[in-house]
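Data first, discussion second: the structure below is written as structure tokens.
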Amino acid sequence: MNWQIKYALAAFAKERQSSAEHVGGDLIRIMTQDRPDVLAAITSVETVDQATAARYREQVEGLDFLCGYRAECVWEGEAIQYLEENCIGWGSFGTLSSAALDGNANSAPHKVYKFSDRLLRQYGRVEKVDREFDRIHRITLRSGATFRIGMIADYEPTANEVRSMWDRFGPVDIVWNINPNGTPQPEANEAGRELGCEVMKWEELKELLSRA
Amino acid sequence: MGRVEGAPEQGLMTAREIAVYLLGSCPSLEHFDAFMFGSTLHGIGQDIDILIVGPGGNLLAQLKKELQYAGSSLPFHILYMQPSEELHTQFVAKERCIPLAHLAASC
């Protein structure tokens with residue numbers, strides 16, 4: 001049994017409403033009363049690309065959910081599109097746990113980015129959203145202006161998180177702290193200025209988009 | 001500091017064992033203050049929260065490499081802060097972070 005399955009089963013062993021069993025390899029089955037069973041693959045990869053997503057789908061009949069167990073797991077946009085088109089939920093272990101309880105595992109997106117993704121898509125001035133990664137969106141406004149936006153979900157984003165995002169995903173115009181209760185540290189703002197981007201919350205981002 | 005509950009037979013590491021392992025496998029930690037916080041301290045962790053406080057630059061880059069290798073089979077969630085950021089947020093006090101060295105020395 002691999003390490004991520006051990007941790008996933010240990011976590012479900014603490015749950016009151018759901019239980020889980022090892023099916024084999026990277027697969028577990030999650031049982032929740034009055035909800036459909038969930039067949040989930042728990043992967044240890046650091047990046048889920050389209051090929052990884054397709055491999056799991058092709059090898060596992062009836063796969064409901066693909067879970068990236070590592071906290072730093074990154075999902076490429078093509079992988080997200082592929083999974084959603086094939087009715088497979090995707091995201092963190094927390095997303096999987098919630099989806100099993102909600103009974104919507106095969107349509108659930110990563111819960112960390114779910115609301116910020118929706119917020120961008122529903123904002124009236126946004127014409128097009130190209131999701132490059134789970135946390136990197138390139139948006140085109142009706143005015144023609146474009147912005148590459150990186151999302152950081154932490155409560156108190158740090159300079160390291162801003163620099164790490166830039167190093168990992170390339171230049172962004174805006175680092176959006178999507179935690180509604182979050183407060184970027186002054187060092188994070190300074191790191192953004194040094195790199196050439198702005199670190200902001202939704203109200204500032206909305207104001208910027210309304211003027212662009 | 002307990003073992004991850006519900007799975008002792010599966011050989012999951014205790015908080016102390018993790019601290020000993022990290023201090024032994026990441027020599028660059030001597031340049032940083034390293035802490036554990038969150039649920040693993042109480043034996044119910046789905047991931048292992050680690051706080052690293054210290055300098056940036058090459059030292060940090062080297063430490064990240066060592067931690068990535070050390071975490072190849074462990075679910076680390078690592079937060080890196082500059083000393084000034086820790087001072088602003090009082091993160092160590094607020095989250096009741098425990099130094100890895102203290103954990104490693106505990107029984």
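The values are calculated or read from the model by the stated rules, or taken from the named source; none is laboratory data. Nothing here was measured: the structure is a model prediction, and the numbers come from that model. Positions of Cβ are backbone-derived with ideal geometry, glycine not excepted, and every protein chain shown enters the neighbour counts.
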(message) Condition first: under 17 Å from A:E161 (Cβ atoms), of a type in the set (A, V, I, L, M, F, W, C) and under 20 Å from the mean Cα position of the chain (by Cα). Now tell me which residues in segment A:179-204 satisfy that.
(response) A:V199, A:M200
(request) Would you mention how many residues in segment A:151-175 are of a type outside the set (K, R), within 19 Å of A:V112 (Cβ to Cβ) and out of contact with any Lys or Arg (no Cβ under 6 Å at 6 or more places or on another chain)? (result) 15
(request) Being at the interface with another protein chain (Cβ under 8 Å from one of its Cβ atoms) and over 22 Å from A:S44 (Cβ atoms) is the filter here, so list the residues in segment B:53-79 that pass it. (result) B:G56, B:L60
(request) Just name the residue that is surrounded by the fewest Cβ atoms within 10 Å (Cβ to Cβ) out of those in segment B:86-95 that are at the interface with chain A (Cβ under 10 Å from one of its Cβ atoms) and in contact with a strand residue (DSSP E or B) (Cβ under 8 Å, 6 or more places away or on another chain). (result) B:T89
(request) Determine whether segment A:145-164 contains at least one residue that is within 14 Å of another protein chain (Cβ to nearest Cβ), more than 15 Å from A:G77 (Cβ to Cβ), without any contact (Cβ under 8 Å) to a residue 40 or more places away in the chain and of a type in the set (K, R). (result) yes
(request) Filter segment B:19-49 down to the residues that are surrounded by 23 or more Cβ atoms within 10 Å (Cβ to Cβ) and assigned to a strand (DSSP E or B), then identify the one that is nearest to the other protein chains (Cβ to nearest Cβ). (result) B:I48
(request) Could you grab me the full set of residues in segment A:94-105 that are buried (at least 20 other Cβ atoms within 10 Å of the Cβ) and not hydrophobic (A, V, I, L, M, F, W, C)? (result) A:T95, A:S97
(request) Please report, ordered by residue number, the helices (runs of 4 or more DSSP H) entirely within segment B:50-97 with at least 1 residues that are closer than 18 Å to B:E30 by Cβ. (result) B:57-70, B:83-89
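Say we look at segment A:134-161 and pick out the residues that are acidic (D, E) and under 18 Å from A:E204 (Cβ atoms); which of these is surrounded by the most Cβ atoms within 10 Å (Cβ to Cβ)? Please lay out each step first, then the result.
We begin by selecting, within segment A:134-161, every residue acidic (D, E); these are A:134, A:154, A:156, A:161.
If we keep only those that are under 18 Å from A:E204 (Cβ atoms) as well, we get A:154, A:156, A:161.
Numbers: A:D154: 15, A:E156: 20, A:E161: 24.
The extreme case among them is A:E161.
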(request) Would you be able to tell me the number of residues in segment A:75-102 that are away from chain B (no Cβ under 14 Å), in contact with a Phe, Trp or Tyr (Cβ under 7 Å, 6 or more places away or on another chain) and of a type outside the set (D, E)? (result) 8
(message) Among (1) modelled with pLDDT under 90; (2) more than 25 Å from A:F93 (Cβ to Cβ), there is one condition B:P55 misses while meeting the rest; what is its number?
(response) (1)
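May I ask you to say which residue of A:E84, A:E61 is free of Cβ contacts under 8 Å to residues at least 12 places away in the same chain and within 25 Å of A:D37 (Cα to Cα)?
Working: A:E84 fails: free of Cβ contacts under 8 Å to residues at least 12 places away in the same chain.
Going through A:E84, A:E61 in turn, the sole match is A:E61.
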(message) For the condition more than 14 Å from chain B (Cβ to nearest Cβ), surrounded by fewer than 20 Cβ atoms within 10 Å (Cβ to Cβ) and more than 19 Å from B:Q46 (Cα to Cα), what is the one hit in A:Q33, A:Q17?
(response) A:Q33
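Would you confirm, using the coordinates I've provided, whether A:R125 is surrounded by fewer than 16 Cβ atoms within 10 Å (Cβ to Cβ), more than 30 Å from B:I52 (Cβ to Cβ) and in contact with a strand residue (DSSP E or B) (Cβ under 7 Å, 6 or more places away or on another chain)?
Numbers: surrounded by fewer than 16 Cβ atoms within 10 Å (Cβ to Cβ): yes; more than 30 Å from B:I52 (Cβ to Cβ): yes; in contact with a strand residue (DSSP E or B) (Cβ under 7 Å, 6 or more places away or on another chain): yes.
For A:R125, the condition - surrounded by fewer than 16 Cβ atoms within 10 Å (Cβ to Cβ), more than 30 Å from B:I52 (Cβ to Cβ) and in contact with a strand residue (DSSP E or B) (Cβ under 7 Å, 6 or more places away or on another chain) - is met.
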